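**Q** Below is the structure I would like to discuss, written out as structure tokens.
The values are calculated or read from the model by the stated rules, or taken from the named source; none is laboratory data. What you see is a predicted model, and the numbers here were worked out from it, not measured in a lab. Using ideal geometry, Cβ is built from the backbone for each residue, glycine included, and neighbour counts are taken over all protein chains shown. The accessibility values were calculated without ligands, DNA or RNA, using every heavy atom of the protein model including side chains. Shrake-Rupley method; radii C 1.70, N 1.55, O 1.52, S 1.80 Å.
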Amino acid sequence: MLPNARMFRLFHIALLGVIIALGTLGVSRLSYNVEILDLLPRGMAGVEGTKWFQKVYDRPDQLIVTVRAATDAEADEAVNAFAEALAKQPDLAKRVHFQPSWEAHPQDMLKMVAFAWLNAPPDKVQALEQSLAPDLIAQTLKARVARLGSSLDPLTVAIESNDVLGLTSAMRSGMDAEAMQSMGGGGYANEDGTLRVLYIDAPKPMSGYRDAAAWLAQLKTVRNKAIKPDVVVRYTGNPAFQAEIGTGMENDMSQSISGITFIVGFLFWLLHRRIKPLFLILASMLSTGLITLGLAGLMFGSLNVMSMGFAAILMGMIEDFGVLGLNEAMNRPGESFRQIHHRVFPSIWWSAITSAAVFGALGLSTLPGIAQMGVLTGLGILVGAGVMLYGFLPLAMKFCASDTHAPVIDTARPSRWPGVIIAVLALICTATLVTRGLPPVANGSSVLRPKHCESFEALMDFDKAMKPDGDRVVWLPIVVRQSKESALTNSLQQASDVLSRARSSQAILNHYLPTAFAPNPAHQQASLPRLLALARDRARMFKAAEDAGFNERGLGLAKGVFDLWEQWGAAGTSTTRWPDLVKLDDSLGRQLHRSGSDFIACGFMRLPKGLAAFQSSVIEELQAIDGVHVSGWDYLTSQLKSVMAREVQRVLLPALTVLLVLFFFVFKTWRERCFAIGSLAFSGLILLGGMSLLGMEWNFVNIATIPLCLGLGLDFNIHILYSLRHTEQTGENDPGVGRALAYCGLSTGLAFGALAMSDNVGLSTFGVCAMIGVLATLFVAAFAVPWAWRTLR
């Protein structure tokens, strides 16, 4: 019988109550964040601008559907069939559009043209007056005819054939044909028409990836009925990303936890051949995971795609606390729980504290996913040590009282084979690093994405088809955000001046900013009387156009614009007008946005071929302007190298400092300290050699392998050196410690191997690196250190 059995019974009942209460409360508040941008540092240049650009320009609840067929006619038929099928089900789509705004909503385009002139500088309005004056209008119309006859750009011909008086020049100022294609109308078909694009707005805001996945499944059902099977339909945009990444996270979690549970259970069975303690240790691990998830819900509220990896790390680390305690109890069957606790407490808690401190250092990371993973793993290790020591161990001692073995006297001479293996392994790793070099550092953003992401592949196919220069040039979105209209106008004008100078010096290919639509009260008050006078003189101008050979269709745009100017003139200039762009379906309707106190404008610039984002000096000038943000994944990717350098300083240096301090508290003699340092160094050599042999790269996710292996290496060395010290002092050799460490190391390493199967690139590379590092640490601590300790006695 165990002493204080009543106390332990009460403790277990209280522990069960805490698990249920904390787990239920925390998990009920827990959600999954699948936003990729939230994995990047919040203060990183380009992150804030990219978030606003995605919110305003990309429209988070809009799905992009690409339809590719063998011919232009088949693609057109498929797009119309899909759109008509969705029109019959308004509960599936709030709005569907697949053609430019000037074709789908000509009245809204009239408002844009009219507003562009209302908001234009007075000198530009004066130039319009002069070109339409009685003595110059015939010359203006003649030049228009010549331009239409010589233009080879279908977009220009389509617009100007309906714009006899040249009124669209105000909104197209500074834009060439490629700029017009990118900002409105070019995103609906490729050059040969075999690829068409639909933009589908969700019937309601998506509350999470499950809603997005359900909506996407319904749309695919409609597609299967409306479009022929030989037509290729692909889905991208924020809802598609949410659905794919979110469901992938769920699958990764279920598969990794199931795999870890099986590995831990199978290895435990091989070690102990007992069912009851197996169920106890699995229950203890699951209880620890539930408590930690509850803490995550209370502390963070949500977990992102990277921080979900804490479960695999935690489950692989806490089991060794229970196994080592049980092994000690089985070696000493006549001792009570209090005596066993006294023996194992120092090594288990020193191991838990050092490992938690190393993972806690990850909380200093500027990467939210890594920081969350480190904090949760550190908390989980401390919780797991308590659960294993005070929950699992007394119950396991009760059920395994008959399965014991006594320690043996250490009389064996050390074998030479471990030394040969160590020498061969060191030679192979050193030769690999000399011939292949150290693992390089990756700066790309692909580490944030799934390995096989259909929505991302669809987006790349869409970009390649729509962008005139494909991947040969860099398109950088520009976001201007201010709290006042006047400040927005000023920042836009400053950015426009910088980009105009850069374009003149060929530092950029072209650019577009919606300066023509940013409300300017002074311009509107000065321009409206002149525009009203032009509108009232329409009869003369229309007569001149008819004499020049233009029909009534070519005057339709001018009539609509003149009508709006007369309406605005009757209303007066007491209030500043804001352009009514919201109704426009395509990118023309996303140039300006206002929400509460936020006034946002979106534009872009194109860098010359072969010039990367980090090589452009224009970006620094733009970022120096108040409220201006350069954004986009091309720009973010260029910042990742500096992020890696900062992470080394913020995470690895504190972790090493903590380890060095703990070295002097944990290990009593310089001999033990030297063995521990040598063990960590040799483990690092194996890790680097393995990564180099496999052709792997460091990234800002798998860099967390370094503090992980340092913590585990110290953990294993604490247990093995404490055992070796005890053997040296008493002459009793306990082979169970080596078996227990082998079990713990194998289960932990294989648990990370389960992470390697993750569909997320970052988690997968982290799992492979961690598996190599953990198995290397196990080999060195459990086999190399004991051999060296006895050989160098």
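**Q** Just to be sure, is F700 more than 23 Å from V651 (Cα to Cα) and either touching a Lys or Arg at 6+ places or on another chain (Cβ under 6 Å) or among the aromatic types (F, W, Y) (or both)? Please lay out each step first, then the result.
**A** Details: more than 23 Å from V651 (Cα to Cα): no; either touching a Lys or Arg at 6+ places or on another chain (Cβ under 6 Å) or among the aromatic types (F, W, Y) (or both): yes.
No: the conditions fail for F700.
**Q** Cβ-Cβ below 9 Å, separation at least six or inter-chain, first residue in the stretch 504-531 and of a type in the set (D, E, K, R), second surrounded by 18 or more Cβ atoms within 10 Å (Cβ to Cβ): which pairs?
**A** Note: pairs meeting the criteria are R530/V125; R530/L128.
**Q** Still on this structure: Let me spell it out: the conditions are (1) open to solvent by 10 Å² or more (accessible area, probe 1.4 Å); (2) part of a helix (DSSP H, G or I), and M696 meets all of them except one. Which number is the exception?
**A** The one condition M696 does not meet is (2).
**Q** Hey, does the stretch 613-623 have a residue that's under 28 Å from the mean Cα position of the chain (by Cα), among the aromatic types (F, W, Y), within 29 Å of R59 (Cβ to Cβ) and at pLDDT below 75?
**A** Our first condition is that a residue be under 28 Å from the mean Cα position of the chain (by Cα); within the stretch 613-623, this holds for 613-623.
This time we only want the ones that are among the aromatic types (F, W, Y), so: 614.
Those left that are additionally within 29 Å of R59 (Cβ to Cβ): 614.
Restricting the remaining residues to those that are at pLDDT below 75 gives 614.
Yes, the conditions are met somewhere in the stretch 613-623.
**Q** When you go through V651, V628, V666 one by one, which is the residue that is touching a helix residue (DSSP H, G or I) at 6+ places or on another chain (Cβ under 9 Å) and at pLDDT 80 or above?
**A** Testing whether each residue is touching a helix residue (DSSP H, G or I) at 6+ places or on another chain (Cβ under 9 Å) and at pLDDT 80 or above leaves just V628.
**Q** OK, next. I'd like the full set of residues that are among the hydroxyl-bearing types (S, T, Y), exposed (fewer than 14 other Cβ atoms within 10 Å of the Cβ) and either in a loop (DSSP other than H, G, I, E, B) or under 26 Å from the mean Cα position of the chain (by Cα) (or both), limited to the stretch 197-240.
**A** So the first thing to find is which residues in the stretch 197-240 are among the hydroxyl-bearing types (S, T, Y), and the list is 199, 207, 209, 221, 235-236.
Next, only the ones that are exposed (fewer than 14 other Cβ atoms within 10 Å of the Cβ) stay: 207, 221.
Passing the criteria: only S207.
**Q** Against the condition within 20 Å of T354 (Cα to Cα) and open to solvent by 10 Å² or more (accessible area, probe 1.4 Å), how does F675 come out, does it pass? First the steps, then the outcome.
**A** On the way: within 20 Å of T354 (Cα to Cα): yes; open to solvent by 10 Å² or more (accessible area, probe 1.4 Å): yes.
The answer is yes for F675.
**Q** For a quick check of your reading of the model, give me the residue pairs whose first member lies in the stretch 469-488 and is over 18 Å from E48 (Cα atoms), whose second is among the acidic types (D, E) and at pLDDT 85 or above, with beta-carbon atoms closer than 8 Å and at least 6 apart or on different chains.
**A** As it stands, the answer is A487/D626, since those pairs meet every condition given.
**Q** Return the residues of the stretch 448-459 that are open to solvent by 40 Å² or more (accessible area, probe 1.4 Å) and at pLDDT 75 or above; say none if nothing qualifies.
**A** Just the residues of the stretch 448-459 that are open to solvent by 40 Å² or more (accessible area, probe 1.4 Å), to begin with: 449, 451-452, 454, 456-457, 459.
Correct list: E454, F456, E457, L459.
**Q** What helices (runs of 4 or more DSSP H), lying completely within the stretch 65-143, carry at least 1 residues that are at pLDDT below 85? Give the steps one after another, and end with the answer.
**A** Numbers: elements: 72-87, 101-104, 106-118, 122-131.
Helices (runs of 4 or more DSSP H) meeting the threshold: 101-104, 106-118.
**Q** Considering only the stretch 700-793, give the helices (runs of 4 or more DSSP H) lying wholly within it that have at least 3 residues that are surrounded by fewer than 20 Cβ atoms within 10 Å (Cβ to Cβ).
**A** Numbers: elements: 705-730, 735-755, 761-779, 785-791.
Those helices (runs of 4 or more DSSP H) span 705-730, 735-755, 785-791.
**Q** Just name the residue that is farthest from T66 (Cα to Cα) out of those in the stretch 195-211 that are touching a residue at least 12 places away in the same chain (Cβ under 8 Å) and of a type in the set (G, A, S).
**A** Only one residue tops the list, namely G208.
**Q** Additional query: Looking at G374, G378, can you tell me which residue is part of a helix (DSSP H, G or I), open to solvent by less than 10 Å² (accessible area, probe 1.4 Å) and modelled with pLDDT of 85 or more?
**A** Working: G374 fails: modelled with pLDDT of 85 or more.
Matching residue, one of G374, G378: G378.
**Q** In addition: Would you point out the residue of the stretch 185-194, among those that are in contact with a helix residue (DSSP H, G or I) (Cβ under 6 Å, 6 or more places away or on another chain) and more than 15 Å from I64 (Cα to Cα), that is modelled with the lowest pLDDT? So that I can check it myself, show each step before the final result.
**A** In the first step, residues of the stretch 185-194 are kept if they are in contact with a helix residue (DSSP H, G or I) (Cβ under 6 Å, 6 or more places away or on another chain); the result is 187, 190, 193-194.
Still in the running and more than 15 Å from I64 (Cα to Cα): 193-194.
Details: G193: 79, T194: 85.
Selected residue: G193.
**Q** Residue pairs, Cβ under 6 Å, 6 or more apart or interchain, first in the stretch 591-609 and on the phi < 0 side of the Ramachandran plot, second among the charged types (D, E, K, R) and at pLDDT 85 or above. List them.
**A** What qualifies is I600/R481.
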